[in-house]
Every structure is written in structure tokens, then in C-alpha cells.
1. Select from the range 54-68 the residues that are of a type in the set (A, V, I, L, M, F, W, C) and under 21 Å from residue 112 (Cα atoms) and list them in ascending order.
2. Report every pair of residues separated by at least 6 positions or lying on different chains whose Cβ atoms are under 6 Å apart, first residue within the range 91-111 and among the small types (Gly, Ala, Ser), second crowded, with 21+ Cβ neighbours inside 10 Å and part of a loop (DSSP other than H, G, I, E, B).
3. Hey, among the residues in the range 90-103 that are touching a Leu at 6+ places or on another chain (Cβ under 8 Å) and open to solvent by 20 Å² or more (accessible area, probe 1.4 Å), which one's nearest to residue 144 (Cα to Cα)?
4. Of everything in the range 57-89, what is open to solvent by less than 60 Å² (accessible area, probe 1.4 Å) and under 20 Å from residue 102 (Cβ atoms)? Give them in sequence order.
5. From the list 53, 66, which residue is part of a loop (DSSP other than H, G, I, E, B), of a type in the set (Phe, Trp, Tyr) and without any contact (Cβ under 8 Å) to a residue 40 or more places away in the chain?
6. Does residue 185 satisfy being modelled with pLDDT of 95 or more, within 30 Å of residue 71 (Cα to Cα) and of a type in the set (Phe, Trp, Tyr)?
7. What is the residue count in the range 66-110 for residues that are aliphatic (A, V, I, L, M) and over 16 Å from the mean Cα position of the chain (by Cα)?
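The values are calculated or read from the model by the stated rules, or taken from the named source; none is laboratory data. If you're wondering where the values come from, they're calculated on a predicted model, not measured in any experiment. Don't worry about glycine lacking a Cβ; one is built from the backbone with ideal geometry, like all the others, and counts go over all protein chains shown. Remember, those area values only see protein heavy atoms, side chains included, never the ligands or the DNA or RNA. Shrake-Rupley method; radii C 1.70, N 1.55, O 1.52, S 1.80 Å.
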Amino acid sequence: MSENIKMLYLTITLIFSLFVTGYFTVPVRCEAPLIFYPIEDTFVNSSNATQNYGGHPSLWVGNLDYGEIKLITYLIFDLSPLNSSLFQIVNAELKLHTYDVWETTTIGVHLCHNSSWNEMEITWVNRPEYNTTAVATQVISKNDTWYSWNITPLVNENLGKNLSIALISEYEGYQLFVDFDSKEFGVDQSPRIEIYYTIIPEFPAFSFLGLTLTTTGTIIILKFKTRRRSKKLDSSQLE
């Protein structure tokens, strides 16, 4: 058999013996969380309906005078960096630090319909609307303490865009009032969302013998079959 024919035979054999025998995804778990700080945060006060508190170092939440005065905190987080399908959110926690707690109360996180408001313009009069049902609640009772709310579903629903939320006291009482630190207080005690996630790695397309394989988050195992040719032996080779 000539060398050209041998090469042609080997090439044809390899092409028809190429099999994808299996595949599996390999997500990479990232141990350090992504931290998102609010791009806007403020509160509104029903007893001073036209006053803006955008530059205030505190975020007030509660009901005073048996519900006659209501205080609602608003925050916006920019989640646009999480716009890739390669991110898989494992857990997302909203965290705020208390400065002063007048009386134990339960604070709920409510999704807002408007995510483009400005903290230097918002007041009780033009405050954004929000869903009446809280997506997560937390009992707040201590000063100088970090509290967290699990908002994983909310983050998953708002990947790649702004997330606007309202913090509201779930109960009415005489002095159910909480003072959280705002981003103006300083980054160390600023509100934040901590997101734990995995990444599905993306591998580029590659070609072999004219066959192009594109893999996204998948490792392809390739199996090659080669045929061994037997040799004729004569009696002299056995001696």
C-alpha cells in the first residue's frame, strides 16, 4: 500500500471513529461574595411630606404615634454586572446596620415598581409604589447590629438591571422605629447586597479534522478508535 493511500486510510478511519462519549458541566463556585452597594438610598416621612432626606446619614423605618406617622426607606441597587447567563446565583442577602432601635419590630422588604427615582428628589408625596406583600422579613431588636434578609429570588428576577426596594415596618405601634445607617454614613456600614454565585465556564469553539465543536459550560470528552494491523510472522521470527 502506498504512503498516500495509507494516509488517506488513516484519515478516513479517524473521522469515522470520532465519537462524543459523554459530557458534563463544571460550575465554578466562588467563595468570596460579590458586594453591591446602593446607588440611591433615602427615606420618606409622612409627617413632613415634601421634605427630602437624600443626603441624610440615616435610613428611618417605622410607625410612630400608633401609625399616624409612617417612615419608609427606599434603596436602589445596580445589578447590571450580573447580565450573563453564565452566572448562577446561589444566595443573595440584603444587609443593613442598625444605629438605633426604639422598639423591637419586624421589617419587610418590598419590591418597588419604579427603579429610576433619584434620592435627592424623592419625598412622601412622590414616593414610588411597592408591592404590598413582603418578599422577606426580619425581626429587628438591637442597636449597632447587622441584620440580613434573604432576597435570592428577588435578585434572580432582576439580574442585569436596577433593583428597587422599600423597607417597611410590618406592624403598627406607638414607637416602632428603626434607624439604619445609610451609604452617606460610610462604606463600612453602608447597606449592601452580598451575592454568592457559581460561574459556568465558557470554552471557545475548536476544530479537528474539519469538525467544529462549540462548548459553553461543558467539557466534551472525545474518544478515538484506532485499528491495529496484525503482522505476518514466519517461522524464522519465532526462533
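1. Restricting attention to the range 54-68, the residues satisfying the condition of being of a type in the set (A, V, I, L, M, F, W, C) are 59-61, 64.
59, 60, 61, listed by residue number.
2. Listed pairs, sorted by first residue: 92/151.
3. Initial filter on the range 90-103 (touching a Leu at 6+ places or on another chain (Cβ under 8 Å)): 92, 96, 102-103.
Subset that is open to solvent by 20 Å² or more (accessible area, probe 1.4 Å): 102-103.
Details: 102: 12, 103: 14 Å.
Among those residues, the one meeting the criterion is 102.
4. Kept after step one, since they are open to solvent by less than 60 Å² (accessible area, probe 1.4 Å), are these residues of the range 57-89: 57-59, 61-64, 67, 69, 71-80, 82, 84, 86-87, 89.
If the condition is that a residue be open to solvent by less than 60 Å² (accessible area, probe 1.4 Å) and under 20 Å from residue 102 (Cβ atoms), then 57, 58, 59, 61, 62, 63, 64, 67, 69, 71, 72, 73 are the ones that fit.
5. Working: 66 fails: without any contact (Cβ under 8 Å) to a residue 40 or more places away in the chain.
Exactly one residue qualifies, and that residue is 53.
6. Working: modelled with pLDDT of 95 or more: no; within 30 Å of residue 71 (Cα to Cα): yes; of a type in the set (Phe, Trp, Tyr): yes.
So residue 185 fails the test.
7. Restricting attention to the range 66-110, the residues satisfying the condition of being aliphatic (A, V, I, L, M) are 69, 71-72, 75-76, 79, 82, 86, 89-90, 92, 94, 96, 101, 107, 109.
Filter once more, so that each one left must be over 16 Å from the mean Cα position of the chain (by Cα): 69, 71-72, 75, 96, 101, 107, 109.
Matching residues across the range 66-110 total 8.
Matching residues to (1) modelled with pLDDT of 85 or more; (2) touching a strand residue (DSSP E or B) at 6+ places or on another chain (Cβ under 9 Å); (3) within 26 Å of residue 172 (Cα to Cα):
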{"site": "9", "(1), (2), (3)": "no, no, no"}
{"site": "39", "(1), (2), (3)": "yes, yes, no"}
{"site": "50", "(1), (2), (3)": "yes, no, yes"}
{"site": "86", "(1), (2), (3)": "no, yes, no"}
{"site": "97", "(1), (2), (3)": "yes, yes, yes"}
